[in-house]
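To keep things clear, I will list the structure first and then write my remarks on it.
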Amino acid sequence: MNQDLKKKSSAIAAFELILPKLNKDTVLGIGTGSTTNFFIEELNASKVEIKGAVCSSAASESHLSKNITIISLNEVHAIDFYIDGADEYNDRFELIKGGGGALTREKILAYSSDMFICIVDDSKHSDLLGKFPLPIEVIEIARSAISREVMKMGGRPVYRNDFITDNGNQIIDVHNMPMDIPFEVENKINNIPGVVENGIFSNRKADVIIKANEDGNEVLCIEK
Ligand code: 5RP
């Protein structure tokens, strides 16, 4: 099975998992990326009736069918299910996200959700996070200052050329960042002035990971 088929398979499994729980009051959170796009395809095709969806990017909003109401996070109390992919995950359900540059809104939606279902293929697994360059959304004037701080932490920052986030900011991708204790790195980076958000999801990790491999899907659930 190629990677796209695996992504599609985990997205379909996520949709089937939540389908019995969807009703006219349900608010869905929808992330960004190629795996999430497969989930959006399922949702669009189903014609299921929900209250609406909060999206982590303009790109995902544009893929939603006109039958799904797009809602702002400010209009709802919470998100029932947040569905999104990841660039890397570990056995503790910690993630690196932001390959698509939507990490800030993704983290806000994850924090606001009752259940975060992460859809991945098995190539995204890592024993130790950090193989995927860590995206950091930064305020433009702080880019070099933040890069210097990140270098002191052992990482190699690379400016993401020709990319502006939906929030009007820039992205630094940090290679080889030591990440033995992800939540410490997450907190330390977010304390640097000018950092908007970083792509480590450790303080708010996934509740469920649906991992597609050659033999099908494995649904992994974290104990709360
Ligand atoms: C976007 C993300 C995506 O979830 C992540 O990059 C995975 O993307 P894909 O599903 O295309 O592999 O964090 O900011």
Checklist entry - How about the stretch 192-220: which of its residues are under 14 Å from GLU106 (Cβ atoms) and open to solvent by 40 Å² or more (accessible area, probe 1.4 Å)? => result VAL196, ASN203, LYS205
Item to check | Filtered residue count, the stretch 117-157, keeping only those that are outside any loop (DSSP other than H, G, I, E, B) and either touching a helix residue (DSSP H, G or I) at 6+ places or on another chain (Cβ under 6 Å) or within 16 Å of the ligand (Cβ to nearest atom) (or both) | outcome: 15
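Every residue, every condition in (1) surrounded by fewer than 22 Cβ atoms within 10 Å (Cβ to Cβ); (2) assigned by TED's automatic domain parsing to the domain that holds ASP166, yes or no:
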position: ALA86; (1), (2): no, no
position: ASP91; (1), (2): yes, no
position: GLY99; (1), (2): yes, no
position: SER147; (1), (2): yes, yes
Item to check | Residue list for the stretch 114-138, filter: open to solvent by 10 Å² or more (accessible area, probe 1.4 Å) and under 14 Å from the mean Cα position of the chain (by Cα) | outcome: MET115, LYS124, PHE132
Checklist entry - Which of the residues that make up the stretch 92-110 are in a loop (DSSP other than H, G, I, E, B) and under 12 Å from SER202 (Cα atoms)? => result ARG92, PHE93, GLU94, LYS97
Checklist outcome for this item: Residue set ARG148, ARG160; condition charged (D, E, K, R) and under 22 Å from PHE201 (Cβ atoms); output residue ARG160
Item to check | ILE141, sole failed condition from (1) within 30 Å of GLU218 (Cα to Cα); (2) surrounded by fewer than 14 Cβ atoms within 10 Å (Cβ to Cβ); (3) among the β-branched types (Val, Ile, Thr) | outcome: (1)
Item to check | Total residues in the stretch 73-91, condition assigned to a loop (DSSP other than H, G, I, E, B) and under 14 Å from ILE210 (Cα atoms) | outcome: 5
Checklist entry - Under 7 Å by Cβ, and 6 or more places apart or on different chains, what pairs join a residue from the stretch 95-118 that is touching a residue at least 12 places away in the same chain (Cβ under 8 Å) with one that is near the ligand (Cβ under 10 Å from one of its atoms) and assigned to a helix (DSSP H, G or I)? => result LYS97/LEU103; LYS97/GLU106
Checklist entry - Can SER56 be described as within 13 Å of the ligand (Cβ to nearest atom), crowded, with 21+ Cβ neighbours inside 10 Å and assigned by TED's automatic domain parsing to the domain that holds ARG105? => result yes
Checklist entry - Taking the stretch 151-182 on its own, how many of its residues are open to solvent by 80 Å² or more (accessible area, probe 1.4 Å) and free of Cβ contacts under 8 Å to residues at least 40 places away in the same chain? => result 7
Checklist outcome for this item: Those residues of the stretch 14-53 that are under 14 Å from PHE116 (Cα atoms), away from the ligand (no atom under 13 Å from the Cβ) and assigned to a helix (DSSP H, G or I) come to a total of 3
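The values are calculated or read from the model by the stated rules, or taken from the named source; none is laboratory data. If you're wondering where the values come from, they're calculated on a predicted model, not measured in any experiment. Using ideal geometry, Cβ is built from the backbone for each residue, glycine included, and neighbour counts are taken over all protein chains shown. Just the protein is used for accessible areas: all its heavy atoms, side chains included, with ligands, DNA and RNA removed. Shrake-Rupley method; radii C 1.70, N 1.55, O 1.52, S 1.80 Å.
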